1. Given the residues Val171, Val211, Val166, which is the only one that is away from ligand 2 (no atom under 12 Å from the Cβ), of a type outside the set (D, E, K, R), buried (at least 23 other Cβ atoms within 10 Å of the Cβ) and modelled with pLDDT of 95 or more?
2. For the range 174-190, give me the residue count where each residue is hydroxyl-bearing (Ser, Thr, Tyr) and either loosely packed, with under 12 Cβ neighbours inside 10 Å or more than 18 Å from the chain's Cα centre (by Cα) (or both).
3. Return the residues of the range 68-86 that are away from ligand 1 (no atom under 15 Å from the Cβ), in a loop (DSSP other than H, G, I, E, B) and surrounded by 18 or more Cβ atoms within 10 Å (Cβ to Cβ); say none if nothing qualifies.
4. Please indicate, with yes or no, whether at least one residue in the range 35-42 is of a type in the set (Gly, Ala, Ser), touching a strand residue (DSSP E or B) at 6+ places or on another chain (Cβ under 6 Å) and either at pLDDT below 95 or within 15 Å of ligand 2 (Cβ to nearest atom) (or both).
5. Could you figure out which of (1) more than 15 Å from ligand 1 (Cβ to nearest atom); (2) touching a residue at least 24 places away in the same chain (Cβ under 8 Å); (3) under 18 Å from the mean Cα position of the chain (by Cα) isn't true of Glu155?
6. Report whether or not Arg5 is touching an Asp or Glu at 6+ places or on another chain (Cβ under 6 Å) and among the basic types (Lys, Arg).
7. Please name all residue pairs, on different chains or six or more residues apart, with Cβ atoms under 6 Å, provided the first residue is in the range 31-47 and is at negative phi and in contact (Cβ under 8 Å) with a residue 40 or more places away in the chain and the second residue is more than 8 Å from ligand 1 (Cβ to nearest atom) and part of a loop (DSSP other than H, G, I, E, B).
8. When you check Ser55 against the structure, is it under 30 Å from Asn192 (Cβ atoms) and surrounded by fewer than 16 Cβ atoms within 10 Å (Cβ to Cβ), yes or no?
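The values are calculated or read from the model by the stated rules, or taken from the named source; none is laboratory data. Here the structure is a predicted model, which is why all the values come from computation and not from measurement. Neighbour counts run over all protein chains shown; Cβ positions are idealised from the backbone, glycine included.
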Amino acid sequence: TRSTRPQRMLKAVQKNATRGDPLSVISAIDRFCRHSEWAMNVGDEKGTILDSVVSEVNPAMALELGTYCGYSTVRIARLLPPGARLVTLEFNGDYAAIARQVIEWAGLEDMVQLVEGASGDWIPRMKEHFGVKTFDFIFLDHWKDRYLPDIKLLEECGLLRKGTVVLADNVICPGTPDYLEYIRNSPSYESNYFRSHLEYTKAEDGLEKSVYVG
Ligand SMILES: Nc1ncnc2c1ncn2[C@@H]1O[C@H](/C=C/CNC(=O)c2cc([N+](=O)[O-])cc(O)c2O)[C@@H](O)[C@H]1O
Ligand SMILES: [Mg+2]
């Protein structure tokens, strides 16, 4: 049977990127998505905003919801300080298998804990199962109707601290209206919108950066 797009993306990484070189993995995926097949990675333009926020936070403990093929996982993990950890949740086994290989090709497997499962099931288990106290940085990039329930779950599970930075992809396209309404009106967050474009296109999209103030 025909290969899947994530499988073809992985092939492009193995063909065009250098083992152990995260930047070459990132550019191999961006080239594939620009010139061969569009895919829902955060991409290079929004990726530079992601990079600047991660660098500013310099998180010891980071969380990503929605690994997909591992593109943003590699973008985040390559910037983490030694000893830091990125937990990334992905409930599609096929995507998780591809992402694991992309992360390994980048040589970042020691920084990343890829958990195959649903955010709703695993967020409540972060403390006892992964020894997480609180997260310093969170990247939301999974199903758009899960952003709001999951940020509330993270609050309820005590996984946020004063200063935790939550960065949400796609707040314009495909859009996360209920999440935006909540986070922009909640006294517990200070939010800023970083205007950009939907990956590999000219359509508007952007990232919402929200700092939890408790
Ligand atoms: N509750 C959950 N727990 C764990 N993993 C979960 C999950 N919900 C979804 N996922 C996984 O997260 C990814 C979904 C991303 C949705 N993005 C999108 O739908 C998306 C769409 C466009 N677009 O259409 O232009 C552009 C974008 O940047 C996008 O991120 C998939 O890999 C899916 O398996
Ligand atoms: Mg996205």
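1. After applying the criteria, what remains is Val166.
2. Total satisfying the criteria: 4.
3. Arg78, Leu79, Leu80 - these are the residues of the range 68-86 that are away from ligand 1 (no atom under 15 Å from the Cβ), in a loop (DSSP other than H, G, I, E, B) and surrounded by 18 or more Cβ atoms within 10 Å (Cβ to Cβ).
4. no
5. Every listed condition holds for Glu155 apart from (3).
6. yes
7. Correct list of pairs: Cys33/Ala39; Cys33/Tyr200; Arg34/Tyr200; Trp38/Tyr200.
8. So Ser55 passes the test.
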